[in-house]
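The values are calculated or read from the model by the stated rules, or taken from the named source; none is laboratory data. For clarity, every value in this text was computed on a predicted model and none was experimentally measured. Positions of Cβ are backbone-derived with ideal geometry, glycine not excepted, and every protein chain shown enters the neighbour counts.
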Amino acid sequence: MDDSGAILCQISAYKDKLDEVNEEIEQNIQKTREIESEIVKCAEVEKDSVNKESELLKMLSMGDFELNGLVQVAEFCFGTTIARNSLEALECDLRFLKTNMDEILKRISQKRIIWTNLKEQP
């Protein structure tokens, strides 16, 4: 009878150990489920982020396209005005340079006459 009591005691100890192991396994299974749930949530967040990024890139491309169109229209409209103003400024500068050149040529001519007169005097 002592042997059967010892065996029952050992079986009880093994059962307790087995219960501990089963409890740890259950805890690990629960942690695994929680991790899987978090992974699913992260995947959904990532999917939403990719969709938002796609929408933002689409909006950016449309904005760039619209901006480029507006810039081209502005360059056409204002470029003509600017070119006209630049042409007028260049014409004004050209008149100023011609006037200066005429004055310089007059002074050179006058100095040449004075120099020639000085040379002709004994």
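Would you say Asn85 is under 33 Å from the mean Cα position of the chain (by Cα) and in a helix (DSSP H, G or I)? No, not satisfied. Would it be correct to say that Leu94 is surrounded by 10 or more Cβ atoms within 10 Å (Cβ to Cβ) and either under 60 Å from the mean Cα position of the chain (by Cα) or at pLDDT below 85 (or both)? When the stated conditions are applied, Leu94 passes them.
In segment 72-80, the count of residues that are in a helix (DSSP H, G or I), modelled with pLDDT of 80 or more and surrounded by 10 or more Cβ atoms within 10 Å (Cβ to Cβ) is one or more.
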